[in-house]
Amino acid sequence: MVETVAAIRLSATVVAGFGRGGKQLGCPTANMCPKDLGDALHNTPTGIYCGWATVDGAGPYMAVASVGWNPTFGNSEKTIEPHLLHDFKSDFYGAKIDLLLAAYIRPELPFSSLDALIEAIQNDIAVSRTWLSTPEGQALVADPLFAAKL
Ligand code: ADP
Ligand code: RBF
Ligand code: MG
């Protein structure tokens, strides 16, 4: 169902993307500032992953993230954009995200319709929630990335 990977730890502020996630796909993604990511942007293999994330230290919340070029839309820049499985009361552009990617779900695919992409994303969310709820998934909350910063 998922393939666990060596932990990938990423930290960056949230920047604006194309405004497509929430409006077109019903799935807002917090785009991580490419400059803050540095080498990690290029070193992280493309694909859909799940893990955990904090927003300005709040959380960790379950997360499912897209890493790559959004081939359905043919972006020219690689992005890392997590969707958090939490109901936020307002947007958090400018906040700091700490993201732990722990399991690989599937490659990014060029879908031929918006509906097909939306269906795949909903399945990714379900798969993520299931795996992150297992003892193995839950244990990741204790990762040093989320240790209180003094
Ligand atoms: P953009 O193209 O600017 O990234 P999106 O439609 O993907 O636009 O919306 C992303 C923004 O929505 C995030 O930057 C964040 O401020 C907000 N947001 C609200 N709820 C969530 C959530 N559950 N996960 C991720 N981002 C969220
Ligand atoms: N974009 C794609 O082009 N192909 C994909 O297979 C794909 N899978 C995604 C899976 C998840 C769970 C999420 C959150 C995003 C995915 N995206 C994918 C990225 C999506 O196109 C992007 O978030 C929006 O276009 C907004 O930037
Ligand atoms: Mg986004």
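The values are calculated or read from the model by the stated rules, or taken from the named source; none is laboratory data. Note that the structure is predicted; figures quoted are calculated from it, not measured. Backbone-built Cβ (ideal geometry, glycine too); neighbour counts: all protein chains shown.
Descriptive notes on the structure:
- Looking across 90, 113, one residue alone is surrounded by fewer than 15 Cβ atoms within 10 Å (Cβ to Cβ), modelled with pLDDT of 95 or more and either among the acidic types (Asp, Glu) or away from ligand 3 (no atom under 16 Å from the Cβ) (or both). It is 113.
Okay, residues lined up against (1) more than 21 Å from residue 19 (Cβ to Cβ); (2) assigned to a loop (DSSP other than H, G, I, E, B); (3) aliphatic (A, V, I, L, M):
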| site | (1), (2), (3) |
| --- | --- |
| 72 | no, yes, no |
| 100 | yes, no, yes |
| 104 | yes, no, no |
| 117 | no, no, yes |
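- Check on residue 82, within 11 Å of the chain's Cα centre (by Cα) and buried (at least 18 other Cβ atoms within 10 Å of the Cβ): yes
- Leading residue by the ranking (farthest from residue 10 (Cα to Cα)) among those in the range 106-115 that are in contact (Cβ under 8 Å) with a residue 40 or more places away in the chain and not in a loop (DSSP other than H, G, I, E, B): 114
- Given (1) part of a strand (DSSP E or B); (2) away from ligand 2 (no atom under 14 Å from the Cβ); (3) among the polar types (S, T, N, Q), number of the condition residue 66 does not satisfy: (2)
- Single residue of 81, 77 found to be near ligand 2 (Cβ under 10 Å from one of its atoms), under 30 Å from residue 149 (Cβ atoms) and either of a type in the set (Ser, Thr, Tyr) or in contact with a helix residue (DSSP H, G or I) (Cβ under 9 Å, 6 or more places away or on another chain) (or both): 81
- Any hit, the range 46-60, residues being touching a residue at least 12 places away in the same chain (Cβ under 8 Å), within 14 Å of ligand 1 (Cβ to nearest atom), aromatic (Phe, Trp, Tyr) and buried (at least 16 other Cβ atoms within 10 Å of the Cβ): yes
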